[in-house]
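This structure is in C-alpha cells; I'll ask about it shortly.
The values are calculated or read from the model by the stated rules, or taken from the named source; none is laboratory data. Bear in mind that the values here come from a model prediction, so they are computed numbers and not experimental data. Please note: Cβ atoms are built from the backbone with ideal geometry, for glycine as well, and neighbour counts cover all protein chains shown. Heads up: the accessible areas ignore ligands, DNA and RNA and are worked out on the full protein's heavy atoms, side chains in. Shrake-Rupley method; radii C 1.70, N 1.55, O 1.52, S 1.80 Å.
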Amino acid sequence: METNNLNPASSCAHSRVPLVVAASVTTLGGLLFGYDNIVISGAIGYLSQLFHLDATGVGWAAGCALMGCIVGCAAGTVADYLGKKKGLALCALCFALSSTGMLFASNLHQFVFWRLIGGVGIGAASVISPNYIAEIAPTRVRGRCVTLYQLGIVVGILAAVFVNMLIQRMGNEAWNISTGWRWMFLAGVVPSILFGLMILPAVESPRWLLKMGRRAQAIDVLAKINDTGAAAREAAEIENSLAREEGHISELFTAFRRPLLLGIMLAGLQQISGITPLFSFLPEIFRAAGTATGDAFFQSVLVSLINLLFTLFALWLVDRAGRKTLILAGTALQFVSFGLVGWFYHIHGSGLAVLIFVMSFVAGHAFGNGVACWVIISEIYPTKVRGRGMSIATTALWLVGYVGNQSFPIMQKHLGSDGTFWLFSAGALLTLILVASLVPETKGRSLEEITRFWTDDTV
C-alpha cells in the first residue's frame with residue numbers, strides 16, 4: 001500500500017524493465033524446455049524405422065531425455081551456490097549442444113547421448129527458471145510471473161509441433177527417415193542462442209544475493225523492482241526468514257518435511273495422468289485412431305494451440321482463483337476427457353472424437369496442473385533450501401514422466417489404446433482426491449509468509 005504515495009511514473013521507470021527482462025528469461029527457459037522435450041514427437045516414427053526399434057526401444061528413444069532431466073534437477077543445488085543466472089546460462093549451453101549434435105547421430109547410442117545432454121538442460125531449466133522468477137517477482141504478481149514459465153513451455157511445444165509439421169512436409173518418407181528428423185532438433189539452436197543473450201542483462205535473484213551476504217546488491221535489485229522503502233522492508237523480511245533457516249538439506253526432512261512431501265506429490269501427480277507421453281507420441285496417437293500422417297501432424301498443432309490458449313487463460317486466473325482451485329477444475333476435466341478417449345478407441349469410434357477429447361484433456365492440464373504445479377513448488381520451500389527442495393520435487397516429476405514415456409508403447413501393445421487411456425484417466429482421479437485432501441492454498445502470501453506457515457504450530 002505504501003507505493004501508492006510514490007510518483008507513478010517514477011515507480012514504473014524503476015520497476016518494470018528488470019522484472020520484464022527476468023520474466024522474459026523465465027519464459028524463454030520454458031520455451032526451450034517445451035521445444036526440446038516435445039520435438040521427439042515428430043521424430044520418433046522416423047527414428048523407429050531408421051534404427052529398427054521394437055516397443056521397448058521406441059520407449060527408450062522417446063524417454064531417454066527424461067533420464068537426463070533427472071540429472072539436470074541437481075542443478076537446483078548447483079544454482080544455490082553459483083547463482084540463478086549462471087545456472088540458466090548452463091541450460092542454454094546444454095540445449096544448443098544437444099540440438100547441434102543430432103546432425104551427427106549415426107546410431108541409437110549417439111542419439112541417446114545427445115538427448116541426455118538436452119535432458120540435463122531441460123531438467124535444470126525446470127528447477128531454476130520458476131525458482132528464479134518466484135524469487136524476483138512481487139507477491140501480488142508472483143503467480144502470473146511463474147505462469148509465464150508454463151506459457152513458455154506451451155509456446156515451445158507449439159513451436160516444436162509446428163516445425164515438425166513443416167519439416168515433415170519438405171520431403172518424402174525416405175528423406176524424413178534419413179534427414180528430416182535431424183532438422184527438427186537443429187531448429188532448437190535459434191531459441192537457445194536468444195536465451196543465452198537474454199540472460200546477460202538480467203538481474204540476479206535478490207534472495208540468493210542476500211543468502212550469499214551481498215546485501216547492497218540485493219537491495220539494489222529489490223529497489224529496481226519495487227521502490228527504495230519497500231526494498232529495505234522486503235530485504236529485512238528476507239533476512240529475518242534466512243536467520244531462522246539453517247540452510248541444511250536435513251531441514252527438508254524435519255521442519256519442512258510437509259512441503260517436501262507435498263512438492264514431490266504434486267510433481268508426480270502432474271505427470272501421472274499421461275501428459276508427457278501424450279505429447280511425446282501425439283502424431284502416433286492420432287494415427288492409431290485412423291488419421292493420415294500429414295493430418296496427424298496438423299492435428300498435433302491444433303492440440304498445441306489449445307494448450308497455448310488455456311495457458312493464457314490460467315495466466316489471468318492464477319492470482320485470482322488460486323492454485324488449488326485451478327488444479328481441481330483442470331484435473332476433473334482431464335479425468336472425464338481421457339475416460340472418453342479410451343471409450344472411443346474401445347468402440348473404434350471417430351478419429352475426430354479422439355481429437356476433440358484429447359484437446360479437452362490438454363485444456364484441463366493447461367489451466368490446471370500444468371500451471372499451478374510449477375507455481376506451488378516454486379513457493380513452498382524456504383529460501384536457503386528452495387533450490388534443493390525444487391530439485392527433489394522436480395526429480396519426481398521427471399521420473400514419473402520417464403516411466404510414462406518408456407511404458408506407453410508397451411501399454412499400447414498389451415492394454416490397447418482404450419486400456420492405456422483409461423489407466424491415465426484413473427491417474428487424474430487419484431490426483432483429484434489427493435489434491436482436494438492435502439494441498440493448501442498459497443495465493444496472496446509472500447514467500448516468507450509461506451515459510452512461516454509450515455512452522456506454525458496451528459497447521
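Of all the residues that make up the range 351-397, how many are free of Cβ contacts under 8 Å to residues at least 24 places away in the same chain and either over 18 Å from ALA332 (Cα atoms) or buried (at least 24 other Cβ atoms within 10 Å of the Cβ) (or both)? Spell out how you get there, then give the answer.
Kept after step one, since they are free of Cβ contacts under 8 Å to residues at least 24 places away in the same chain, are these residues of the range 351-397: 352-353, 356-357.
Pick out the ones that are also either over 18 Å from ALA332 (Cα atoms) or buried (at least 24 other Cβ atoms within 10 Å of the Cβ) (or both) and you get 352-353.
Of the residues in that region, 2 qualify.
From the residues in the range 18-37 that are within 30 Å of ALA187 (Cβ to Cβ) and modelled with pLDDT under 85, which one is surrounded by the most Cβ atoms within 10 Å (Cβ to Cβ)? Full working, then the answer.
First, pick out the residues of the range 18-37 that are within 30 Å of ALA187 (Cβ to Cβ): 19-37.
Filter once more, so that each one left must be modelled with pLDDT under 85: 19, 33, 37.
Details: LEU19: 19, PHE33: 26, ASN37: 28.
Checking each candidate, the answer is ASN37.
A quick yes/no check of all residues on (1) at positive phi; (2) open to solvent by 50 Å² or more (accessible area, probe 1.4 Å); (3) among the acidic types (Asp, Glu); (4) modelled with pLDDT under 75:
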position	(1), (2), (3), (4)
THR228	no, yes, no, yes
LEU252	no, no, no, yes
ARG258	no, yes, no, no
SER273	no, no, no, no
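Another question, if that's okay. Name the single residue, out of those in the range 330-350 being hydroxyl-bearing (Ser, Thr, Tyr) and part of a helix (DSSP H, G or I), that is most open to solvent (accessible area, probe 1.4 Å).
Initial filter on the range 330-350 (hydroxyl-bearing (Ser, Thr, Tyr)): 331, 337, 345, 350.
When the remaining residues are screened for being part of a helix (DSSP H, G or I), the result is 331, 337, 345.
Numbers: THR331: 2, SER337: 2, TYR345: 26 Å².
The qualifying residue most open to solvent (accessible area, probe 1.4 Å) is TYR345.
Check GLY290 against each of (1) open to solvent by 10 Å² or more (accessible area, probe 1.4 Å); (2) assigned to a helix (DSSP H, G or I) and name the one condition it does not meet.
Unmet for GLY290, out of (1) open to solvent by 10 Å² or more (accessible area, probe 1.4 Å); (2) assigned to a helix (DSSP H, G or I): (2).
Quick one: LEU116 ticks every box in (1) assigned to a helix (DSSP H, G or I); (2) in contact with a Leu (Cβ under 8 Å, 6 or more places away or on another chain) except a single one, so which number is it?
(2)
If you don't mind, there's one more thing I want to ask. Among the residues in the range 133-150, are any touching a Leu at 6+ places or on another chain (Cβ under 9 Å), within 16 Å of SER192 (Cβ to Cβ) and either in a helix (DSSP H, G or I) or not aliphatic (A, V, I, L, M) (or both)?
No - not one qualifying residue is present in the range 133-150.
Pick from the range 314-348 the residues that are charged (D, E, K, R) and within 21 Å of the chain's Cα centre (by Cα): which of them is modelled with the lowest pLDDT? Quick ask: steps written out before the conclusion?
The first filter runs over the range 314-348 and keeps only residues charged (D, E, K, R), leaving 319-320, 323-324.
Within this subset, residues satisfying the condition of being within 21 Å of the chain's Cα centre (by Cα) are 319, 323-324.
Working: ASP319: 72, ARG323: 83, LYS324: 86.
Here the answer is ASP319.
Looking at VAL127, is it open to solvent by 30 Å² or more (accessible area, probe 1.4 Å), within 20 Å of VAL400 (Cβ to Cβ), out of contact with any strand residue (DSSP E or B) (no Cβ under 6 Å at 6 or more places or on another chain) and assigned to a helix (DSSP H, G or I)? Let's see the steps before the verdict.
Details: open to solvent by 30 Å² or more (accessible area, probe 1.4 Å): no; within 20 Å of VAL400 (Cβ to Cβ): yes; out of contact with any strand residue (DSSP E or B) (no Cβ under 6 Å at 6 or more places or on another chain): yes; assigned to a helix (DSSP H, G or I): yes.
Judged against the criteria, VAL127 is not a match.
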